[in-house]
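The structure appears right after this line, and notes come after that.
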Amino acid sequence: MRSLCALLCAALIALAPAADELSSIALYQGPDRAQRLAEGARREGATLTLYTSLTLEDMAALNAAFEARHGVKVNLWRAASDKVVQRVLAEAKAGRHDVDIIETNAPPLESLHREGVLQQVRSPEHAALIPTALPAHGEWVGSRLNVFVQAYNTRLVQRSELPKSYAELLHPRWKGRLGIEAGDDDWLAGVVTALGEAQGLRLFRELVATNGVSVRRGHTLLTNLVASGEVPLALTVYNFTAEQLKRKGAPLDWFVIPPAIARANGLALARGAPHPHAALLYYDFMISEEGQRILEERGFLPARRSLQGALAGQPLRLVDPALMLDQSEKWTRLYESIFLSPRR
C-alpha cells in the first residue's frame, strides 16, 4: 500500500509542474511571445490536434493557411458540437490528453469551462475583438458570430413580399412554405425575450397552428432545401451558409427579421494540451487579422471589430451561453412544445 501511495504522490508531483508550465505559457504576453511559441512548437514535433464542429471545407481553408504560415500540422477530428463535448469530457475522465484545441459553439465551450477542462489564455490579439467575444473567465474566445438569418428561394418568393416582422408570417401566403431547424432553442429564447415572453410564445404557437412550420435537422440541410425549393422560406439558417450558397449561384438570398440573434463560436485551449505551444499559435492565428479575413472571405462574421462586414450596422442580440446553460431545460421544452410536438 505504501509503495502504491508513493507512486501516486510521485505522479501527482510530476503532473503539477506540467500544469504550471501550461498556465505560464498560456498567460505569457511578453514581446517575444510569438518566438517562444514557434520554438516550443518545433520541440513538440510541429503538430497539434483539433476537435471542431465547423464544416470540413471551411476548416480546410483555415488550416491550410495556418500550416503554411507556421509549419505546424493540424490533425483534425470533426463532429457535431454535442459529440465534441462528449469526446473531450470522456477523454478527460479517462485521464487521456489527446486534444489541444477545441473549436465549437459558445454554449458547449461554456459547459467545458464549467467542467474544468479548459485553460485560461491571454493573447495580444484579444484587444482587437468585440467585447462579447471575451468571457470574463478567459477560458475560451469567440472567433466568429453565427447570425441566425432568414433565407428564401428567389424563384418562389419575391423580395417585395418578404415579412418585416415575425407577426407578418401569420399571413395566409406563408401557409405550408416555412421551415425551421430542429434545435434552435437559443434563437427562440432571444426572439421571444425581445418580443416579450408571453406575446412571443403566443405568436409562434399561433404561427405553427395556422400556417405550419416544417422542421428539419441540420442548418446546412435546411439551407440546401431552400436552394432546392423544397422549403421556400427558412426561419433559422446561419448567415455564412446562406451567403456561401448565394455566392455559388444558388437561387437563394437571405435577410433579417429583427431582432437579429447571434451565437458566438470560438475556440479554447485544453487544460491537458499535449502540444501547448503549437496550440497557442493556432489560437492566436484564428483571431488574428489573417485568420479573421479568411473567415470573412468565407461569409462568416468575424469577431474582430474592424471586420464586421455586411451586418456591421445590424443591432445584434448575442446569446448568453451561461444563461442558456442555466435555462436550457426551459427553452428546450418550449421549443419542442411549439415546433416539434405538433408533428407527432
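Considering each residue of the range 221-234 in turn, none proves to be among the polar types (S, T, N, Q) and not in a helix (DSSP H, G or I). Contact map, the range 132-159: residues that are of a type in the set (K, R) paired with residues that are surrounded by fewer than 23 Cβ atoms within 10 Å (Cβ to Cβ) and assigned to a strand (DSSP E or B), Cβ distance under 9 Å, separation 6+ or inter-chain. Pairs shown: R159/D253; R159/F255. Residues in the range 84-109 that are modelled with pLDDT under 95 and either under 24 Å from W187 (Cα atoms) or among the acidic types (D, E) (or both): N105, A106, P107, P108. For the range 22-33, a tally of residues being closer than 21 Å to W140 by Cβ and either at pLDDT 90 or above or surrounded by 12 or more Cβ atoms within 10 Å (Cβ to Cβ) (or both) returns 7. For the range 83-103, the set of residues classified as at negative phi and either in a loop (DSSP other than H, G, I, E, B) or touching a helix residue (DSSP H, G or I) at 6+ places or on another chain (Cβ under 7 Å) (or both) consists of V84, V85, V88, A94, R96, H97, D98, V99, D100, I101, I102, listed by residue number.
To keep it simple, each residue is scored yes or no on (1) buried (at least 22 other Cβ atoms within 10 Å of the Cβ); (2) in the same structural domain as I180 (by TED's automatic domain parsing); (3) without any contact (Cβ under 8 Å) to a residue 60 or more places away in the chain.
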residue: G218; (1), (2), (3): no, yes, yes
residue: L225; (1), (2), (3): no, yes, yes
residue: Y238; (1), (2), (3): yes, yes, no
residue: A242; (1), (2), (3): yes, yes, no
residue: K248; (1), (2), (3): no, yes, yes
residue: P251; (1), (2), (3): no, yes, no
residue: P258; (1), (2), (3): no, yes, no
residue: L267; (1), (2), (3): yes, no, no
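Checking each residue in the range 320-344 for being surrounded by 17 or more Cβ atoms within 10 Å (Cβ to Cβ), farther than 20 Å from H126 by Cβ and modelled with pLDDT under 90 picks out only M324.
How many residues does the range 236-271 hold that are under 17 Å from S165 (Cα atoms) and among the polar types (S, T, N, Q)? Qualifying residue count for the region: 1.
Surrounded by fewer than 15 Cβ atoms within 10 Å (Cβ to Cβ), at positive phi and either assigned by TED's automatic domain parsing to the domain that holds G299 or without any contact (Cβ under 8 Å) to a residue 24 or more places away in the chain (or both): does that describe G196? Taking the combined requirement at face value, the residue satisfies it.
Filtering the range 46-60 to residues that are in a helix (DSSP H, G or I), surrounded by 15 or more Cβ atoms within 10 Å (Cβ to Cβ) and not charged (D, E, K, R) leaves only M59. Of the numbered criteria (1) modelled with pLDDT under 85; (2) within 18 Å of H126 (Cβ to Cβ), the one R317 fails is (2). Hey, any hits in the range 184-205 for a residue that's within 19 Å of L340 (Cα to Cα) and part of a loop (DSSP other than H, G, I, E, B)? Within the range 184-205, one or more residues are within 19 Å of L340 (Cα to Cα) and part of a loop (DSSP other than H, G, I, E, B). Residues of the range 261-290 that are part of a loop (DSSP other than H, G, I, E, B) and not polar (S, T, N, Q): R271, G272, A273, P274, H275, I287.
In the set P124, P131, P163, P135, only one residue is out of contact with any Asp or Glu (no Cβ under 7 Å at 6 or more places or on another chain), outside the structural domain of I257 (by TED's automatic domain parsing) and farther than 24 Å from E21 by Cα; that residue is P131.
Taking the conditions exactly as written (farther than 25 Å from E297 by Cβ and among the acidic types (D, E)), does E44 satisfy them or not? Answer is yes for this residue. Of all the criteria given as (1) closer than 22 Å to L48 by Cα; (2) at pLDDT below 95; (3) surrounded by fewer than 17 Cβ atoms within 10 Å (Cβ to Cβ), the one not satisfied by L295 is (3). Restricting the range 104-119 to residues that are of a type in the set (A, V, I, L, M) and part of a helix (DSSP H, G or I), the residue that is farthest from R271 (Cα to Cα) is A106. Do we have H171 as within 30 Å of D284 (Cβ to Cβ) and surrounded by fewer than 19 Cβ atoms within 10 Å (Cβ to Cβ) here? So H171 fails the test.
The values are calculated or read from the model by the stated rules, or taken from the named source; none is laboratory data. Just so you know, these numbers come straight off a predicted model, no measurement behind them. Neighbour counts run over all protein chains shown; Cβ positions are idealised from the backbone, glycine included.
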